[in-house]
């Protein structure tokens, strides 16, 4: 067993030396050896094949462009997963500022309820959303619940609570900003799950 492990390590080292020297064949070998494992781990986090494809493409471009800096003594698997982790961090950081990217990630999370484990995650997300709504100021929470959860029109809520439409708009806008921040923080916490899965 130890002999086999040593042979694997020597083979990986030789592969990295070839890659460092500019061997595209070595690059393709590494790509085909690790792409499925990387994709599987990232898909558990991102729930989006498109996002995973984007990250994999970026990851292997970086690997090729930085091949001359690679240390043959390092673990190529650890090196690739570290790059993947950094790119995942970047994706979630961008999502906190990019509404379209945030919606893309969160939408993918919401659509991935095809098995029991994912339904449990979805239930946890709903619980966290409810907890976040409970943190809103009382009047803002009331306006948000009536408009967004009970689907009442702004006009109805205006009459019901005796407040102006502009006030309702302000409450909804600020509630959305707050809830987005809460959900983004939760999404970032999922990275810890990803890190433990690939560590």
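Quick grid of which residues meet (1) assigned by TED's automatic domain parsing to the domain that holds residue 89; (2) within 15 Å of residue 87 (Cα to Cα); (3) in contact with a helix residue (DSSP H, G or I) (Cβ under 6 Å, 6 or more places away or on another chain); (4) loosely packed, with under 14 Cβ neighbours inside 10 Å:
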site: 21; (1), (2), (3), (4): yes, no, no, yes
site: 38; (1), (2), (3), (4): yes, yes, yes, no
site: 43; (1), (2), (3), (4): yes, yes, yes, no
site: 50; (1), (2), (3), (4): yes, yes, no, yes
Fill in: Leading residue by the ranking (farthest from the chain's Cα centre (by Cα)) among those in the range 136-165 that are more than 18 Å from residue 177 (Cβ to Cβ) and part of a loop (DSSP other than H, G, I, E, B)
162
Response to the item:
Checking 172, 133 in turn, the sole residue that is touching a residue at least 40 places away in the same chain (Cβ under 8 Å), within 20 Å of residue 183 (Cα to Cα) and in the same structural domain as residue 183 (by TED's automatic domain parsing) turns out to be 133
Item to complete: Quickly run through the range 67-91 and pick out the residues that are out of contact with any helix residue (DSSP H, G or I) (no Cβ under 7 Å at 6 or more places or on another chain) and either part of a helix (DSSP H, G or I) or surrounded by 16 or more Cβ atoms within 10 Å (Cβ to Cβ) (or both).
Response: 69, 78, 79, 82, 86, 90
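The values are calculated or read from the model by the stated rules, or taken from the named source; none is laboratory data. This one's a predicted model, so the numbers in the text were calculated from it and none came from an experiment. Positions of Cβ are generated from backbone atoms using ideal geometry, with glycine treated the same way; all protein chains shown enter the neighbour counts.
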